[in-house]
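Have a look at the structure below before the remarks.
Coordinate-derived values only; no laboratory data. Small disclaimer: the values here were computed from a predicted structure and weren't measured. Backbone-built Cβ (ideal geometry, glycine too); neighbour counts: all protein chains shown.
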Amino acid sequence: MIRVVAILGSLLVALSACAGGGAREVIALPNGYYLQPDQKRQTELVKRDGHRVLPGTIAAYSVSGQIVAGALGSAPSAGHSYANDLPFHGGSDTRYFILDTRDGRLDKDLDATAWHQRLNELGEPGSLEIYPPLAWQ
């Protein structure tokens, strides 16, 4: 009886060690896409297989149905409690992207006018707001 308890205890410890070892912080997006931190704790957009979808850091994003829309660059460091509690407002040099997760179509390097036009073509609201992701902790 003691031998069975010892074996089961060892098995439980081994399973616990395996379960906690590979965990990674991610934000799940539709259809196998994720936001996750890179080595410098900057937000990147990746596919389920770990392949990076966009070069550069995600400064802000929003999900609307199967569409992920956002901006590249550094998230603003405003003087408020959370980085993501106010909508992102880019400058004239901000580059935007739209990812249709249904088919993987990626429109990138868009200026604000082209970004709004493409969102309109996809039937997304013109008032779509994007927000910086939470800082990875």
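Observations
- Stretch gain in nm, segment R102-D85, where the contour uses 0.36 nm per residue and the Cα spacing is subtracted: 3.3 nm
- Packing-based exposure ordering (other Cβ within 10 Å, fewest first) of D103, D49, D38: D49, D103, D38
- Shown for H51, H116: other C-beta atoms within 10 Å of each C-beta, ranked fewest to most, produce the order H51, H116.
- Tensor-based shape of the range 25-137 (alpha-carbon gyration tensor, a/c under 1.5 rounded, otherwise prolate or oblate): oblate
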